[in-house]
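The values are calculated or read from the model by the stated rules, or taken from the named source; none is laboratory data. Here the structure is a predicted model, which means the values were calculated and not measured. Cβ coordinates were reconstructed from backbone atoms using ideal geometry, including for glycine residues, and neighbour counts include every protein chain displayed. We work out accessible area using only protein heavy atoms, side chains counted, and drop any ligands, DNA or RNA first. Shrake-Rupley method; radii C 1.70, N 1.55, O 1.52, S 1.80 Å.
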Amino acid sequence: KIVVMNVPAELKYTKDHEWIKIDGNVATIGITDFAQGELGDIVYVEIETEGEELPSEEVFGTVEAVKTVSDLFMPMAGEVIEVN
């Protein structure tokens, strides 16, 4: 089976399957296509760290899927300013 993944060149990737896109002094964080595929159907995302400054590799939220719950890790130190 061949799996085609979307891997945009402007994104940086972590070992924990998060990605980060930096635009000036704002970074957008998400999870990779691979992580989404491994999780299966995502039913809930919980991020309660909005407004907090967190160090790199700190847990900033969780993704709940039908199969499991996975932690989301900060790919770099910074403040969580907005959740979408």
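Listing for the model above:
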| read-out | value |
| --- | --- |
| So residue 18, is it out of contact with any helix residue (DSSP H, G or I) (no Cβ under 7 Å at 6 or more places or on another chain), open to solvent by less than 90 Å² (accessible area, probe 1.4 Å) and at pLDDT 95 or above | no |
| Scan of the stretch 60-84 for residues that are farther than 24 Å from residue 6 by Cα and open to solvent by 60 Å² or more (accessible area, probe 1.4 Å), ordered by number | 77, 79, 81, 82 |
| Which listed residue is β-branched (Val, Ile, Thr) and not in a strand (DSSP E or B), from 4, 45 | 4 |
| Among (1) hydrophobic (A, V, I, L, M, F, W, C); (2) under 14 Å from the mean Cα position of the chain (by Cα); (3) open to solvent by 70 Å² or more (accessible area, probe 1.4 Å), the one test that residue 43 misses | (2) |
| Qualifying positions in the stretch 22-37 - without any contact (Cβ under 8 Å) to a residue 12 or more places away in the chain and either closer than 20 Å to residue 82 by Cα or surrounded by fewer than 15 Cβ atoms within 10 Å (Cβ to Cβ) (or both) | 22, 23, 24, 25, 28 |
| Pair list, Cβ < 7 Å and 6+ apart or interchain, from the stretch 58-72 residues that are in a loop (DSSP other than H, G, I, E, B) to residues that are loosely packed, with under 12 Cβ neighbours inside 10 Å and not aliphatic (A, V, I, L, M) | 66/40; 66/41; 67/40 |
